[in-house]
Every structure is written in structure tokens, then in C-alpha cells.
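Student: First, the structure itself, so that you have it in front of you.
Nothing in this text is a laboratory measurement; each read-out follows from the coordinates by a stated rule. What you see is a predicted model, and the numbers here were worked out from it, not measured in a lab. Quick reminder, even Gly has a Cβ in these numbers, built from the backbone with ideal geometry, and neighbours come from all protein chains shown.
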Amino acid sequence: MTNEKKFEWLLRIGVAGEFLGHGLLAISGKTDWVGWISQLTQVDSATATTLLILVGILDVLVALFVLIKPVKPILLWAAFWGFWTALVRPIVGQSVLDFVERFANWAAPLALYFYYRSKNL
């Protein structure tokens with residue numbers, strides 16, 4: 001395997017792991033995230049939980065696409081979603097450092113997108 005292929009697969013595994021992990025946490029109804037959804041959207045806890053489960057399912061699907069057949073629009077979505085979910089931390093009252101420490105959540109899918117774009121894949 002070439003170094004370039006190793007680079008690609010490391011990014012794919014990293015992005016997939018991030019989205020799989022977050023997706024499974026969302027599907028399990030992570031309490032903090034339910035609260036954040038309620039806080040940001042003014043919906044009740046039951047609705048927030050349902051929304052979180054749907055988001056979790058989408059995150060798992062993103063992970064599967066990245067592993068099986070990366071698609072550039074999905075990678076752009078992953079970068080946007082990674083940026084937004086990192087940005088939510090200071091919006092809901094956490095430190096801005098909670099946003100900074102999650103830069104890889106959006107930078108890795110964006111790097112993978114630009115890698116594929118450079119290869120015209």
C-alpha cells in the first residue's frame with residue numbers, strides 16, 4: 001500500500017470513527033445533547049430526544065459512507081456538521097476551548113474532501 005493510500009485510509013477511519021462514535025452516543029440519547037437541543041430549539045425533552053436519535057442515525061450513515069464509498073457532498077456535510085457541533089459548545093455555555101479542541105471534527109472530513117477533489121474522484 002502506498003503512503004498516499006495509507007494517508008487516505010487514516011483519514012477515512014478517523015472520520016468514520018468520529019461519526020460512528022457520535023452517532024451511537026446520539027442514538028443512546030446522551031443527556032447533555034438532549035439538553036442542548038432543548039436549549040437551542042425550545043422543544044421539550046421528548047422531541048429533543050427524537051431529533052437526537054435521527055441525527056445519530058444520520059451520523060452512523062455518514063460513517064458507513066466514508067468507509068465504504070466516500071462521496072464528496074457527504075464529506076462536505078460532515079465538515080459542516082463537525083464545525084456546527086463543535087461550535088455548539090460555546091453557544092450553550094461551555095468554554096471556547098471546547099470548540100477549539102474539536103477542530104479535527106470538521107478539518108478531517110474537509111481534508112478528505114479536498115484530497116478526493118484533487119484526484120478528481
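Student: Of 110, 97, 54, which is the most mobile in a GNM of the chain whose springs link Cα atoms less than 10 angstrom apart?
Tutor: Between 110, 97, 54, it is 97 that shows the largest mean-square fluctuation.
Student: May I pose another question? As a check on your grasp of the helix formula, calculate [θ] at 222 nm for the chain: sum -39500 (n - 2.57) over DSSP H runs of n ≥ 4, divide by the residue count, round to the nearest 500.
Tutor: -28000 deg cm²/dmol
Student: Something else about it: Sequence neighbours fewer than 8 away in the same chain don't count; with that in mind, list the lysines whose C-alpha is under 23 Å from residue 6.
Tutor: Correct list for residue 6: 69, 72, 119.
Student: Given contacts defined as C-alpha pairs under 8 Å and at least six residues apart, what's the relative contact order of the chain, whole-number percent?
Tutor: 28 percent
Student: With Kirkwood's inverse mean 1/r over C-alpha pairs for Rh, give me the Rg to Rh ratio of the chain, two decimals please.
Tutor: For the chain, the value is 1.02.
Student: Could I ask something else about it? With labels modelled as points extended 7 Å from the Cα through the Cβ direction, what inter-label distance (nm, one decimal) is found for residue 121 paired with residue 2?
Tutor: It is 1.0 nm.
Student: Based on the Cα coordinates of the range 1-46, what is the per residue volume of their convex hull in Å³?
Tutor: Normalising the Cα hull of the range 1-46 by residue number yields 72 Å³.
Student: At 30 angstrom or more along the helix axis (alpha-carbon based) and mean Kyte-Doolittle of 1.6 or higher, what helices does the chain contain? Whole DSSP H runs only.
Tutor: In the chain, the long hydrophobic H runs are 45-68.
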